[in-house]
Amino acid sequence: MMKRTRLIATWLCVIGPLVGAAPGLAAAAEKAGNAALTLPADGIVMHPEYAKTVGRMAYVWGWPLVNMQNRNDRITKAPHPGLLGGILPAAPRGQVGMLHDYIVPEETFVTCPNQDVVYGLGFFSLDEEPVIAQVPDFGDRFWVYALYDQRTNQFGELGKPYKSKPGFYLLVGPNWKGQKPAGVQAVIRSPTALANAIPRIFMDDSSQDRETIQRKLNQVVFYPLKDFNGKMKTIDWKTAPDIPNPQADNASDGETRWVIPEKFFDQLGQVLDQVPPLPGEEAMYAQFRSVLAAASRDPAIKEALLQVAKETEEQVITPFFQWKHNGRPAGNNWNRSVHNAQTGLDYFNRTGTAKSNMFDNRPVETQYFYTDFDAAGAVLDGGQRYEVTFAAGQLPPVNGFWSLTLYNKRHLFSPNELNRYSLGTKNKALKRNPDGSLTIYVGPASPGKDKEANWLPSPKEPISLYIRAYWGKQGILDGSWKPPAVRRID
């Protein structure tokens, strides 16, 4: 019984600030001892303002999970693995589509893509259809297969940072009860039935590496367990047929809208049924179900939830798109990610990431630094010129790779004459300064032919800068490394 009272205490700590509960209520619940706990009553006549209060928290909590559900529903309509509209990797449920080169600026599936890796993408229903993940021998090349549950958290450890061996891995759901087949390296269990995979394989910016990597990419194949025969399958991703996408979103409008406020509360019940509560979330689930039940009986409650969904989208979700509302300060007007892809009960960072840059990697794999401001605190303007100088010996300390990426006001790429959107480890032509430092130039026009190798072209609109540090060393992990100042050049 003490466990149950702690769950109620947890709920009060979460919802208390929203409903005006006094801090002493959580302590009172903890002291309740063996007293039976009363769950929300059935058949009550709930008034709209109460429904809106609980509904606001439900919207913030459930936004990433509904987001995942809707992405799954769209991507798994693909009739075969390939590129949706010739742009985005897609596949039927239980499979993965792969790029054969960097992602292109027309992509709108997710904000903050990078052009350091070759991506894949696929969604699964792992309780009813376990999936085999093939891992080729990547040699010294950095790679990671990021596996996400419906909460947008990573599960399993599959990649170079974990010294994963080539071979076959079986992905299963929380309720799968089969046996590991012969020839499979390991079974990796997702805490939710809905899951997805986003393989990331490093590729440098050279035609030679583009050619070298293809044979390995063609062995990055995922498929249902029923198709496993112990032999490595291959797909030539360069020649995989494209998938028509007549209703493609325009990149100038930003990321596809994956959560529609008007539909959210119609979808939330399915999420609550599919995703088991984490320890401490049981009381919250009960409150959410109580409100949904009231809405099913009372049109006024249903309308109240519709209004609170639209209000919360505008007032709470939209501000997460600004980097100052993500993670924590990292110095020089940058912020850094916190609890990325392992959020647990940290709903602030889970929802913020889902809005601003969904599908990040967990900290041991990648740390992210981002800013909308220069060193003086002014908003970054792509019509101006900036310098970002890494002092000698102060490049991001990594075992994998690092990059500095420029995004437009929608956290996507704006096409430019160099087809260049990031600079870092992948670029072999970067020029150092005489003192060993490295300066990257940001601006709408070339800084001069002698500096052009270090130039990130910018669109004439608000922009963001974003540093990735893959497989960071201690300075990245403990926060002692600081990103450099972004200095405007007059």
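The values are calculated or read from the model by the stated rules, or taken from the named source; none is laboratory data. Keep in mind that what you see is a predicted model, and the values were worked out from it rather than measured. A quick note on method: Cβ atoms are made from the backbone with ideal geometry, for glycine too, and the neighbour counts reach across all protein chains shown. Areas reflect the complete protein model, heavy atoms only, side chains present, ligands, DNA and RNA absent. Shrake-Rupley method; radii C 1.70, N 1.55, O 1.52, S 1.80 Å.
Quick rundown of the values:
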| item | result |
| --- | --- |
| Surface per residue (accessible, 1.4 Å probe) for the chain, Å² | 42 |
| Listed peptides 56-68, 472-484 by packing density, highest first (mean Cβ within 10 Å) | 56-68, 472-484 |
| Between helix 48-75 and the chain: long-axis angle, C-alpha atoms, 0 to 90°, nearest 10 | 40 |
| Dipole magnitude of the chain, debye to nearest 20 (Cβ charges: Lys/Arg +1, Asp/Glu -1, about Cα centre) | 1040 |
| Computed [θ] at 222 nm, deg cm²/dmol, the chain (DSSP H ≥ 4; -39,500 (n - 2.57); rounded to nearest 500) | -8000 deg cm²/dmol |
| 21 Å Cα-Cα reach of residue 163 towards lysines, excluding residues that sit fewer than 8 places from it in its own chain | 180, 216, 473 |
| The range 375-439 - convex hull of alpha carbons, volume per residue in Å³ | 138 |
| Under 27 Å from residue 52, Cα to Cα: lysines that are on another chain or at least 8 residues apart | 263, 302, 310, 355 |
| Cα-projected label distance for residue 324 with residue 210, points at 7 Å along beta-carbon direction, nm | 4.0 |
| Angle in degrees between helix 261-274 and the longest Cα principal axis of the chain, rounded to the nearest 10 | 80 |
| The range 339-490 - share of DSSP beta bridges that are antiparallel (%, nearest 5) | 90 |
| Evaluated over the range 236-324, the Cα radius of gyration and Dmax, each in Å | 18.2, 55 |
| Nearest-20 debye value, the range 84-186 charge dipole, Cβ charges on Lys, Arg, Asp, Glu | 420 |
| Eligible lysines near residue 451 by straight Cα distance, threshold 24 Å, same-chain separation 8 or greater | 426, 428, 431, 460 |
| Percent carbon-and-sulfur accessible area, the chain, ignoring ligands, DNA and RNA, probe 1.4 Å | 51 |
| Fraction of alpha-carbon pairs over 18 Å apart in the range 124-229 - percent | 48 |
| Cα pair count fraction exceeding 29 Å, expressed as % - the range 266-418 | 35 |
| C-alpha long axis of helix 2-19 to longest principal axis of the chain, angle in ° | 70 |
| Antiparallel DSSP beta bridges within the chain, as percent of all bridges there, nearest 5 | 90 |
| Euclidean distance of C-alpha centroids, the range 229-308 and the range 338-361, integer Å | 16 |
| Gyration tensor (alpha-carbon) shape descriptor, the range 57-209, a/c threshold 1.5 | oblate |
| Cα-based Rg of the chain normalised by 2.2 N^0.38 Å, two decimals | 1.03 |
| Size of the range 212-251 as Cα extents on the principal axes (Å, biggest first) | 41, 30, 16 |
| Length added when fully stretched, residue 419-residue 488, from 0.36 nm per residue minus Cα-Cα | 22.5 nm |
| By average C-beta atoms within 10 angstrom, highest first, the peptides 251-264, 36-49 | 251-264, 36-49 |
